[in-house]
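Novice: One structure follows; several queries about it will come next.
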Amino acid sequence: MKVLTVGGGGREHAAVEALFRSGAEIYAVMKNANPGIIARAKECEIVGEKDINKVCDFALEHNIEFAYIGPEGPLEAGLVDALENIGVKCAAPTKAAARIETSKVFMRELVQKHNIKGNLGFASFDNAADAEEYLKAIDHDIVVKPIGLTGGKGVKVQGEHLHNHEETMVYINEIFEEHIGGAGVILEEKAIGEEFTQMIFVDGKHIAPMPLVQDHKRAYEGDVGPNTGGMGSYTDADHLLPFVKETDRTESLKILQNIVDAMAEEGCPYRGPMYGQFMLTSTGPKIIEINARFGDPEAMNVLPILETNFADLIKDMSTGKIGKDVKFKNKATVCKYIVPKGYGVESESGHEISVDANAIHACGAEIFYANVDVNSAGQLVTGTSRSIGIVGIADTIAEAEQNCERAAQYVKCDAIFMRHDIGTQALIQRRIDHMKQIRP
Ligand code: AMP
Ligand code: GLY
(Lines give C-alpha, C1' and ligand atoms only; values in the text may rest on other atoms or scores of the structure.)
(Ligands and ions follow the chains in the order given, each with its own letter.)
Protein backbone atom coordinates (compact mmCIF):
# COMPACT_ATOMS: atom_id res chain seq x y z
CA MET A 1 0.00 0.00 0.00
CA LYS A 2 1.42 3.37 -1.05
CA VAL A 3 1.08 6.06 1.60
CA LEU A 4 1.90 9.74 1.26
CA THR A 5 3.15 11.26 4.51
CA VAL A 6 3.20 15.01 5.06
CA GLY A 7 5.40 16.60 7.71
CA GLY A 8 8.97 16.35 8.98
CA GLY A 9 8.67 16.48 12.78
CA GLY A 10 8.98 13.91 15.57
CA ARG A 11 5.30 13.00 15.31
CA GLU A 12 5.68 12.31 11.60
CA HIS A 13 8.84 10.28 12.10
CA ALA A 14 6.94 8.14 14.64
CA ALA A 15 4.09 7.70 12.14
CA VAL A 16 6.53 6.78 9.36
CA GLU A 17 8.16 4.13 11.59
CA ALA A 18 4.74 2.64 12.37
CA LEU A 19 3.84 2.64 8.66
CA PHE A 20 7.18 1.05 7.77
CA ARG A 21 6.56 -1.70 10.33
CA SER A 22 3.16 -2.23 8.72
CA GLY A 23 4.73 -2.90 5.35
CA ALA A 24 3.55 0.32 3.68
CA GLU A 25 5.51 1.95 0.86
CA ILE A 26 6.20 5.47 2.06
CA TYR A 27 6.28 8.62 -0.07
CA ALA A 28 7.19 11.58 2.11
CA VAL A 29 6.98 15.34 1.73
CA MET A 30 8.39 17.66 4.38
CA LYS A 31 9.94 21.08 4.74
CA ASN A 32 13.14 19.90 6.47
CA ALA A 33 15.39 16.94 5.72
CA ASN A 34 14.35 14.63 8.58
CA PRO A 35 16.91 11.77 8.41
CA GLY A 36 14.59 9.29 10.16
CA ILE A 37 11.86 9.78 7.57
CA ILE A 38 14.30 9.84 4.65
CA ALA A 39 15.70 6.46 5.77
CA ARG A 40 12.27 4.83 5.58
CA ALA A 41 10.79 6.53 2.51
CA LYS A 42 10.82 5.10 -1.00
CA GLU A 43 10.76 8.65 -2.36
CA CYS A 44 10.79 12.02 -0.67
CA GLU A 45 10.67 15.65 -1.57
CA ILE A 46 11.63 18.69 0.48
CA VAL A 47 8.74 21.07 -0.09
CA GLY A 48 6.60 23.54 1.84
CA GLU A 49 3.91 21.43 3.51
CA LYS A 50 1.24 24.00 2.66
CA ASP A 51 2.30 24.13 -0.99
CA ILE A 52 -0.82 22.26 -2.08
CA ASN A 53 -0.01 22.12 -5.80
CA LYS A 54 3.44 20.64 -5.27
CA VAL A 55 2.19 18.07 -2.77
CA CYS A 56 -0.63 17.05 -5.16
CA ASP A 57 1.81 16.78 -8.08
CA PHE A 58 4.04 14.51 -5.99
CA ALA A 59 1.02 12.33 -5.09
CA LEU A 60 -0.06 12.10 -8.75
CA GLU A 61 3.43 11.35 -9.95
CA HIS A 62 3.68 8.37 -7.59
CA ASN A 63 0.12 7.11 -7.95
CA ILE A 64 -0.62 7.47 -4.25
CA GLU A 65 -3.76 5.90 -2.80
CA PHE A 66 -3.76 7.01 0.84
CA ALA A 67 -2.37 9.97 2.79
CA TYR A 68 -1.38 10.68 6.37
CA ILE A 69 -0.93 14.35 7.30
CA GLY A 70 0.92 15.20 10.50
CA PRO A 71 0.79 18.96 11.17
CA GLU A 72 -2.22 21.29 11.38
CA GLY A 73 -0.91 23.93 8.93
CA PRO A 74 -1.62 21.94 5.74
CA LEU A 75 -5.03 20.88 7.11
CA GLU A 76 -5.99 24.52 7.55
CA ALA A 77 -4.67 25.29 4.06
CA GLY A 78 -7.07 22.70 2.57
CA LEU A 79 -4.59 19.99 1.60
CA VAL A 80 -7.05 17.17 2.34
CA ASP A 81 -9.75 18.73 0.15
CA ALA A 82 -7.23 19.04 -2.70
CA LEU A 83 -5.84 15.52 -2.33
CA GLU A 84 -9.33 14.01 -2.23
CA ASN A 85 -10.17 15.90 -5.43
CA ILE A 86 -7.40 14.00 -7.19
CA GLY A 87 -8.50 10.65 -5.72
CA VAL A 88 -6.15 10.31 -2.73
CA LYS A 89 -8.00 9.03 0.35
CA CYS A 90 -6.93 10.90 3.49
CA ALA A 91 -6.79 9.75 7.10
CA ALA A 92 -7.04 13.41 8.07
CA PRO A 93 -9.80 16.03 8.26
CA THR A 94 -10.94 18.40 5.53
CA LYS A 95 -10.44 22.14 6.00
CA ALA A 96 -13.98 22.40 7.38
CA ALA A 97 -13.51 19.53 9.84
CA ALA A 98 -10.06 20.79 10.93
CA ARG A 99 -11.82 23.88 12.35
CA ILE A 100 -12.18 21.84 15.53
CA GLU A 101 -8.53 22.86 16.04
CA THR A 102 -7.98 25.84 13.75
CA SER A 103 -10.77 27.88 15.39
CA LYS A 104 -11.02 27.68 19.15
CA VAL A 105 -14.37 29.50 18.90
CA PHE A 106 -15.76 26.91 16.44
CA MET A 107 -14.85 24.17 18.94
CA ARG A 108 -16.39 25.90 21.99
CA GLU A 109 -19.58 26.86 20.10
CA LEU A 110 -20.02 23.35 18.68
CA VAL A 111 -19.72 21.82 22.15
CA GLN A 112 -22.17 24.39 23.51
CA LYS A 113 -24.73 24.01 20.71
CA HIS A 114 -24.81 20.22 21.03
CA ASN A 115 -24.97 20.27 24.85
CA ILE A 116 -21.81 18.23 25.16
CA LYS A 117 -20.31 17.93 28.64
CA GLY A 118 -16.89 19.33 29.55
CA ASN A 119 -17.16 22.85 28.13
CA LEU A 120 -15.68 25.89 29.90
CA GLY A 121 -17.07 29.42 30.03
CA PHE A 122 -15.74 31.48 27.12
CA ALA A 123 -16.18 34.73 25.20
CA SER A 124 -14.53 35.77 21.96
CA PHE A 125 -13.59 39.24 20.75
CA ASP A 126 -12.49 41.02 17.60
CA ASN A 127 -11.15 44.04 19.49
CA ALA A 128 -9.32 44.76 22.73
CA ALA A 129 -11.82 47.30 24.13
CA ASP A 130 -14.68 44.77 24.24
CA ALA A 131 -12.37 42.20 25.80
CA GLU A 132 -11.50 44.73 28.51
CA GLU A 133 -15.19 45.40 29.28
CA TYR A 134 -15.75 41.68 29.71
CA LEU A 135 -12.67 41.29 31.91
CA LYS A 136 -13.90 44.04 34.21
CA ALA A 137 -17.28 42.34 34.59
CA ILE A 138 -16.07 38.86 35.61
CA ASP A 139 -14.72 37.73 38.99
CA HIS A 140 -12.74 34.60 38.15
CA ASP A 141 -9.36 33.84 36.56
CA ILE A 142 -9.22 33.40 32.81
CA VAL A 143 -6.92 32.08 30.12
CA VAL A 144 -6.08 34.23 27.09
CA LYS A 145 -5.85 32.46 23.72
CA PRO A 146 -5.45 33.71 20.19
CA ILE A 147 -8.39 32.14 18.30
CA GLY A 148 -6.28 30.81 15.41
CA LEU A 149 -3.20 28.60 15.22
CA THR A 150 -0.05 29.53 17.13
CA GLY A 151 1.88 26.24 17.31
CA GLY A 152 0.86 25.73 20.95
CA LYS A 153 2.71 28.84 22.10
CA GLY A 154 0.09 31.59 22.29
CA VAL A 155 -1.79 30.63 25.47
CA LYS A 156 -1.27 32.67 28.65
CA VAL A 157 -2.84 31.77 31.97
CA GLN A 158 -3.87 34.26 34.67
CA GLY A 159 -2.14 33.55 37.97
CA GLU A 160 0.75 32.00 36.09
CA HIS A 161 1.84 34.09 33.10
CA LEU A 162 -0.47 37.07 33.71
CA HIS A 163 -0.56 38.45 37.24
CA ASN A 164 -3.06 41.30 37.07
CA HIS A 165 -5.51 43.18 34.85
CA GLU A 166 -2.76 45.36 33.31
CA GLU A 167 -0.59 42.41 32.28
CA THR A 168 -3.63 40.66 30.84
CA MET A 169 -4.53 43.73 28.75
CA VAL A 170 -0.93 44.15 27.54
CA TYR A 171 -1.08 40.62 26.14
CA ILE A 172 -4.57 41.04 24.63
CA ASN A 173 -3.42 44.25 22.92
CA GLU A 174 -0.34 42.48 21.63
CA ILE A 175 -2.49 39.71 20.07
CA PHE A 176 -4.47 42.33 18.13
CA GLU A 177 -1.54 44.57 17.23
CA GLU A 178 0.65 41.71 16.04
CA HIS A 179 -2.24 39.62 14.62
CA ILE A 180 -1.12 36.60 16.66
CA GLY A 181 -3.16 33.63 15.42
CA GLY A 182 -4.82 36.03 12.96
CA ALA A 183 -8.44 35.66 14.14
CA GLY A 184 -9.04 37.58 17.37
CA VAL A 185 -8.97 36.49 20.97
CA ILE A 186 -10.89 34.03 23.14
CA LEU A 187 -11.00 34.36 26.91
CA GLU A 188 -11.72 31.09 28.67
CA GLU A 189 -12.61 30.23 32.23
CA LYS A 190 -9.50 28.85 33.92
CA ALA A 191 -9.89 25.18 34.83
CA ILE A 192 -8.05 23.86 37.90
CA GLY A 193 -6.80 20.29 37.98
CA GLU A 194 -4.39 17.99 36.17
CA GLU A 195 -4.13 17.61 32.41
CA PHE A 196 -4.29 14.48 30.30
CA THR A 197 -4.49 13.70 26.60
CA GLN A 198 -6.96 11.23 25.13
CA MET A 199 -6.35 10.60 21.45
CA ILE A 200 -8.69 8.56 19.23
CA PHE A 201 -8.80 7.16 15.71
CA VAL A 202 -11.89 8.42 13.88
CA ASP A 203 -13.50 7.35 10.59
CA GLY A 204 -16.24 9.98 10.33
CA LYS A 205 -18.48 8.12 12.75
CA HIS A 206 -16.76 5.49 14.89
CA ILE A 207 -13.93 6.04 17.36
CA ALA A 208 -11.17 3.81 18.76
CA PRO A 209 -9.14 5.00 21.75
CA MET A 210 -5.40 5.24 22.22
CA PRO A 211 -3.66 5.04 25.64
CA LEU A 212 -3.90 8.14 27.83
CA VAL A 213 -0.85 10.41 27.73
CA GLN A 214 0.32 13.26 29.90
CA ASP A 215 2.14 16.04 28.07
CA HIS A 216 4.21 18.82 29.71
CA LYS A 217 3.66 22.15 27.97
CA ARG A 218 5.75 24.42 30.17
CA ALA A 219 9.31 24.94 29.01
CA TYR A 220 11.13 24.42 32.30
CA GLU A 221 11.39 21.86 35.09
CA GLY A 222 8.72 22.05 37.77
CA ASP A 223 6.10 23.06 35.13
CA VAL A 224 7.12 26.70 34.96
CA GLY A 225 7.95 29.00 32.08
CA PRO A 226 6.31 29.75 28.75
CA ASN A 227 3.94 27.31 27.03
CA THR A 228 5.58 25.27 24.29
CA GLY A 229 4.43 22.66 21.77
CA GLY A 230 5.20 20.10 24.51
CA MET A 231 8.50 19.18 26.19
CA GLY A 232 7.78 15.51 26.84
CA SER A 233 5.11 13.04 27.84
CA TYR A 234 4.48 9.64 29.37
CA THR A 235 2.02 6.74 29.30
CA ASP A 236 1.45 3.91 31.77
CA ALA A 237 1.36 0.18 31.03
CA ASP A 238 -2.38 -0.04 31.80
CA HIS A 239 -3.11 2.82 29.35
CA LEU A 240 -4.53 4.98 32.17
CA LEU A 241 -2.52 7.54 34.16
CA PRO A 242 -1.66 7.32 37.87
CA PHE A 243 -4.13 10.10 38.70
CA VAL A 244 -6.92 9.31 36.19
CA LYS A 245 -9.67 6.77 36.94
CA GLU A 246 -11.31 4.52 34.37
CA THR A 247 -14.58 6.46 34.85
CA ASP A 248 -12.80 9.75 34.00
CA ARG A 249 -11.47 8.17 30.85
CA THR A 250 -14.92 6.83 29.90
CA GLU A 251 -16.31 10.34 30.34
CA SER A 252 -13.62 11.91 28.14
CA LEU A 253 -14.26 9.29 25.43
CA LYS A 254 -17.98 10.06 25.58
CA ILE A 255 -17.22 13.75 25.09
CA LEU A 256 -15.07 12.94 22.05
CA GLN A 257 -17.71 10.61 20.57
CA ASN A 258 -20.30 13.38 21.03
CA ILE A 259 -18.00 15.83 19.22
CA VAL A 260 -17.54 13.35 16.34
CA ASP A 261 -21.36 12.90 16.14
CA ALA A 262 -21.91 16.67 16.24
CA MET A 263 -19.44 17.23 13.40
CA ALA A 264 -21.20 14.65 11.23
CA GLU A 265 -24.52 16.34 12.00
CA GLU A 266 -23.06 19.74 11.06
CA GLY A 267 -22.03 18.38 7.65
CA CYS A 268 -18.30 18.28 8.33
CA PRO A 269 -17.64 14.67 9.37
CA TYR A 270 -14.26 14.12 11.00
CA ARG A 271 -11.76 11.54 9.79
CA GLY A 272 -8.26 10.93 11.11
CA PRO A 273 -6.58 10.93 14.48
CA MET A 274 -8.21 13.36 16.93
CA TYR A 275 -6.55 14.75 20.03
CA GLY A 276 -8.53 15.66 23.12
CA GLN A 277 -6.76 17.57 25.82
CA PHE A 278 -8.61 17.58 29.13
CA MET A 279 -8.20 19.10 32.55
CA LEU A 280 -9.33 16.65 35.21
CA THR A 281 -11.10 18.93 37.69
CA SER A 282 -13.06 18.35 40.90
CA THR A 283 -16.15 17.96 38.69
CA GLY A 284 -14.64 15.69 36.04
CA PRO A 285 -12.82 16.23 32.73
CA LYS A 286 -13.09 19.67 31.06
CA ILE A 287 -12.06 20.31 27.47
CA ILE A 288 -8.86 22.37 27.13
CA GLU A 289 -8.45 21.91 23.40
CA ILE A 290 -9.26 19.56 20.56
CA ASN A 291 -6.67 19.06 17.84
CA ALA A 292 -7.20 17.71 14.34
CA ARG A 293 -4.18 15.38 14.42
CA PHE A 294 -1.94 13.34 16.68
CA GLY A 295 -0.31 15.26 19.50
CA ASP A 296 3.38 15.94 19.25
CA PRO A 297 5.08 14.51 21.41
CA GLU A 298 2.14 12.23 22.31
CA ALA A 299 2.33 10.33 18.99
CA MET A 300 5.86 9.26 19.93
CA ASN A 301 4.50 7.57 23.07
CA VAL A 302 1.66 5.61 21.51
CA LEU A 303 2.79 4.72 17.98
CA PRO A 304 5.85 2.66 19.04
CA ILE A 305 3.55 0.42 21.15
CA LEU A 306 0.77 0.15 18.54
CA GLU A 307 0.19 -3.53 17.72
CA THR A 308 -2.53 -3.10 15.12
CA ASN A 309 -1.22 -2.57 11.58
CA PHE A 310 -0.99 1.23 11.17
CA ALA A 311 -1.34 1.14 7.39
CA ASP A 312 -4.64 -0.70 7.86
CA LEU A 313 -5.73 1.96 10.33
CA ILE A 314 -4.93 4.71 7.80
CA LYS A 315 -7.08 2.87 5.28
CA ASP A 316 -9.87 2.24 7.81
CA MET A 317 -9.98 5.87 8.99
CA SER A 318 -10.20 7.16 5.44
CA THR A 319 -12.85 4.65 4.34
CA GLY A 320 -15.18 4.65 7.35
CA LYS A 321 -14.26 1.24 8.75
CA ILE A 322 -12.56 1.77 12.10
CA GLY A 323 -13.22 -1.14 14.48
CA LYS A 324 -13.16 -0.78 18.26
CA ASP A 325 -10.32 -3.20 18.92
CA VAL A 326 -7.19 -1.22 18.07
CA LYS A 327 -4.43 -2.82 20.15
CA PHE A 328 -1.45 -1.35 22.00
CA LYS A 329 1.22 -3.17 24.02
CA ASN A 330 0.92 -2.97 27.81
CA LYS A 331 4.15 -1.01 28.13
CA ALA A 332 4.93 2.30 29.82
CA THR A 333 6.68 5.00 27.79
CA VAL A 334 8.49 8.21 28.71
CA CYS A 335 9.29 10.71 25.96
CA LYS A 336 11.57 13.69 26.46
CA TYR A 337 12.21 16.25 23.78
CA ILE A 338 15.71 17.58 23.30
CA VAL A 339 15.17 21.19 22.24
CA PRO A 340 17.43 24.04 21.10
CA LYS A 341 18.79 26.47 23.65
CA GLY A 342 16.29 29.30 24.14
CA TYR A 343 13.30 27.21 22.94
CA GLY A 344 10.03 28.71 24.22
CA VAL A 345 11.44 32.25 24.12
CA GLU A 346 13.93 32.60 21.26
CA SER A 347 15.64 29.51 19.95
CA GLU A 348 19.24 29.33 18.83
CA SER A 349 19.43 27.21 15.70
CA GLY A 350 22.04 25.87 13.26
CA HIS A 351 24.11 24.00 15.86
CA GLU A 352 25.60 20.68 14.90
CA ILE A 353 23.89 17.75 16.62
CA SER A 354 25.10 14.14 16.61
CA VAL A 355 23.37 10.93 17.54
CA ASP A 356 24.39 7.36 18.30
CA ALA A 357 21.16 5.57 17.38
CA ASN A 358 22.47 2.06 18.14
CA ALA A 359 23.47 3.06 21.66
CA ILE A 360 20.04 4.64 22.14
CA HIS A 361 18.25 1.46 21.07
CA ALA A 362 20.51 -0.58 23.38
CA CYS A 363 19.16 1.50 26.29
CA GLY A 364 15.58 0.34 25.59
CA ALA A 365 14.66 3.57 23.87
CA GLU A 366 13.57 4.89 20.48
CA ILE A 367 14.79 8.04 18.78
CA PHE A 368 12.60 10.25 16.64
CA TYR A 369 14.13 13.09 14.67
CA ALA A 370 12.12 16.30 14.68
CA ASN A 371 13.06 19.84 13.61
CA VAL A 372 16.59 19.06 12.50
CA ASP A 373 18.01 19.63 9.07
CA VAL A 374 21.09 18.81 7.05
CA ASN A 375 23.29 21.84 6.25
CA SER A 376 25.31 22.47 3.09
CA ALA A 377 28.28 20.60 4.60
CA GLY A 378 26.07 17.55 5.10
CA GLN A 379 25.98 17.92 8.89
CA LEU A 380 22.88 17.40 11.01
CA VAL A 381 21.95 20.75 12.64
CA THR A 382 19.25 22.03 15.00
CA GLY A 383 16.32 24.12 13.74
CA THR A 384 14.34 26.63 15.81
CA SER A 385 11.76 24.10 17.01
CA ARG A 386 12.08 20.84 19.00
CA SER A 387 15.09 18.78 17.82
CA ILE A 388 14.91 15.12 18.81
CA GLY A 389 12.47 13.00 20.84
CA ILE A 390 13.82 10.15 22.95
CA VAL A 391 11.27 7.57 24.11
CA GLY A 392 12.11 5.06 26.83
CA ILE A 393 9.90 1.96 26.77
CA ALA A 394 9.59 -0.53 29.65
CA ASP A 395 7.16 -2.29 31.98
CA THR A 396 6.91 0.64 34.40
CA ILE A 397 7.08 4.42 34.08
CA ALA A 398 10.14 4.49 36.38
CA GLU A 399 12.10 2.09 34.17
CA ALA A 400 10.99 3.84 30.99
CA GLU A 401 12.16 7.14 32.49
CA GLN A 402 15.58 5.69 33.26
CA ASN A 403 15.89 4.19 29.78
CA CYS A 404 15.04 7.58 28.30
CA GLU A 405 17.61 9.43 30.44
CA ARG A 406 20.38 6.92 29.67
CA ALA A 407 19.61 7.09 25.97
CA ALA A 408 19.52 10.89 25.87
CA GLN A 409 23.22 10.97 26.73
CA TYR A 410 23.91 9.69 23.22
CA VAL A 411 22.65 12.91 21.66
CA LYS A 412 25.44 15.48 21.59
CA CYS A 413 25.14 19.19 20.86
CA ASP A 414 26.42 22.30 22.65
CA ALA A 415 23.17 24.30 22.46
CA ILE A 416 20.33 22.07 23.64
CA PHE A 417 18.31 21.34 26.78
CA MET A 418 15.61 18.99 28.03
CA ARG A 419 13.33 18.61 31.04
CA HIS A 420 14.81 15.90 33.23
CA ASP A 421 11.79 15.89 35.57
CA ILE A 422 9.29 14.45 33.06
CA GLY A 423 8.21 10.93 34.07
CA THR A 424 9.94 11.06 37.46
CA GLN A 425 8.16 9.74 40.53
CA ALA A 426 8.42 13.12 42.27
CA LEU A 427 6.54 14.95 39.52
CA ILE A 428 3.91 12.22 39.14
CA GLN A 429 3.34 12.13 42.91
CA ARG A 430 2.70 15.87 42.87
CA ARG A 431 -0.12 15.32 40.39
CA ILE A 432 -1.58 12.43 42.40
CA ASP A 433 -1.49 14.59 45.56
CA HIS A 434 -3.05 17.55 43.75
CA MET A 435 -5.94 15.40 42.49
CA LYS A 436 -6.46 13.95 46.00
CA GLN A 437 -6.58 17.47 47.36
CA ILE A 438 -9.15 18.80 44.89
CA ARG A 439 -11.17 15.57 44.66
CA PRO A 440 -10.79 13.74 47.99
P1 AMP B 1 -3.54 24.91 24.67
O2 AMP B 1 -2.53 25.33 23.64
O3 AMP B 1 -4.92 25.40 24.42
O4 AMP B 1 -3.47 23.43 24.96
O5 AMP B 1 -3.05 25.58 26.02
C6 AMP B 1 -1.75 25.43 26.52
C7 AMP B 1 -1.79 25.16 28.00
O8 AMP B 1 -2.44 26.26 28.67
C9 AMP B 1 -2.60 23.94 28.38
O10 AMP B 1 -1.83 22.78 28.30
C11 AMP B 1 -3.02 24.26 29.78
O12 AMP B 1 -1.98 23.99 30.70
C13 AMP B 1 -3.22 25.76 29.74
N14 AMP B 1 -4.64 26.05 29.48
C15 AMP B 1 -5.25 26.26 28.29
N16 AMP B 1 -6.56 26.50 28.44
C17 AMP B 1 -6.82 26.46 29.75
C18 AMP B 1 -7.99 26.63 30.57
N19 AMP B 1 -9.16 26.95 30.03
N20 AMP B 1 -7.86 26.49 31.91
C21 AMP B 1 -6.65 26.22 32.47
N22 AMP B 1 -5.52 26.04 31.78
C23 AMP B 1 -5.57 26.16 30.44
N1 GLY C 1 1.44 18.25 22.52
C2 GLY C 1 0.43 19.15 22.22
C3 GLY C 1 0.05 19.26 20.82
O4 GLY C 1 0.44 18.47 19.99
O5 GLY C 1 -0.69 20.16 20.50
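The values are calculated or read from the model by the stated rules, or taken from the named source; none is laboratory data. All of these numbers come straight from a predicted model, not from anything done at the bench. Positions of Cβ are generated from backbone atoms using ideal geometry, with glycine treated the same way; all protein chains shown enter the neighbour counts. Just the protein is used for accessible areas: all its heavy atoms, side chains included, with ligands, DNA and RNA removed. Shrake-Rupley method; radii C 1.70, N 1.55, O 1.52, S 1.80 Å.
Novice: Net charge near A362: determine it from the other residues with C-beta under 10 Å of the C-beta of A362, scoring Lys and Arg +1 and Asp and Glu -1.
Specialist: It works out to a net charge of 0.
Novice: For q = 0.17, 0.24, 0.26, 0.30 Å⁻¹, what log10 I(q)/I(0) does region 132-185 give under the Debye formula with an equal point scatterer on each alpha carbon and no solvent?
Specialist: The calculated log intensity ratios at q = 0.17, 0.24, 0.26, 0.30 Å⁻¹ are -0.49, -0.96, -1.09, -1.30.
Novice: A further question on this structure: Give me the Kirkwood hydrodynamic radius of region 79-224, using the inverse of the mean 1/r over all pairs of distinct Cα atoms, in Å to one decimal.
Specialist: 17.3
Novice: Right, next: Would you look at the GNM of the chain, springs on alpha carbons closer than 10 Å, and say which of E17, E289, E178 moves the most?
Specialist: In this elastic network of the chain, the residue with the biggest mean-square fluctuation among E17, E289, E178 is E178.
Novice: Moving to a separate point now. Which percent of Cα pairs goes in each bin when the distances of region 51-146 are cut into 5 angstrom slices starting at zero?
Specialist: 2, 11, 18, 15, 13, 11, 9, 8, 6, 4, 2, 0
Novice: Students often get this wrong, so check it: of K31/K190; K156/K412; K217/K327; K42/K327, which have C-alpha atoms separated by over 31 Å?
Specialist: K31/K190; K156/K412
Novice: Quick check: convex hull over the Cα atoms of region 330-394, volume per residue in Å³, rounded to an integer?
Specialist: 83
Novice: Right, another one. Along each of its three principal axes, how wide is the spread of alpha-carbon positions in region 273-323, in whole angstrom units, largest first?
Specialist: 39, 24, 17
Novice: Quick one: pull the percent of accessible area on region 309-440 belonging to carbon and sulfur, 1.4 Å probe, ligands and nucleic acids left out.
Specialist: Solvent-exposed carbon and sulfur of region 309-440 make up 48 percent of the total.
Novice: Now, a different point. Given that compact globular proteins tend to follow 2.2 N^0.38 Å, what is the ratio of the alpha-carbon Rg of region 376-440 to that value?
Specialist: Scaled against compact globular proteins, the figure is 1.52.
Novice: Something else about it: Go from 0 up to the bin containing the longest alpha carbon distance in region 229-294, width 10 Å each, and give me the % of pairs per bin.
Specialist: P(r) over region 229-294, rounded to whole percents: 17, 48, 29, 6.
Novice: Mind listing the Cα extents of region 1-77 along all three principal axes, in Å, largest one first?
Specialist: Cα extents, longest axis first: 30, 26, 18 Å.
Novice: Just from its helices, what would the mean residue ellipticity at 222 nm be for the chain, if runs of 4 or more DSSP H residues each count -39500 (n - 2.57) and the sum is divided by every residue, rounded to the nearest 500 deg cm²/dmol?
Specialist: Details: 15 runs with 144 residues, N = 440.
Calculated at 222 nm, the ellipticity per residue is -9500 deg cm²/dmol.
Novice: I need the peptides 60-71, 1-12 ranked by packing, meaning the mean over residues of other C-beta atoms within 10 angstrom, with the highest value on top. Don't skip to the answer; put the middle values down first.
Specialist: Values: 60-71: 20.5, 1-12: 26.2.
Output ranking for 60-71, 1-12: 1-12, 60-71.
Novice: Then there's this: With the convex hull built on the Cα atoms of region 148-248, state its orientation-averaged projected area in nm².
Specialist: That works out to 8.6 nm².
Novice: Further question: Could you compute how much accessible surface K54 exposes when probed at 1.4 Å, giving the result in Å² to the nearest 10?
Specialist: Here the residue's solvent-accessible area equals roughly 100 Å².
Novice: If you wrap region 15-59's Cα atoms in a convex hull and average its projection over all directions, what's the area in nm²?
Specialist: 3.0
Novice: How long, wide and thick is the chain, going by the Cα atoms along their three principal axes, in whole angstroms, largest first?
Specialist: 59, 47, 43
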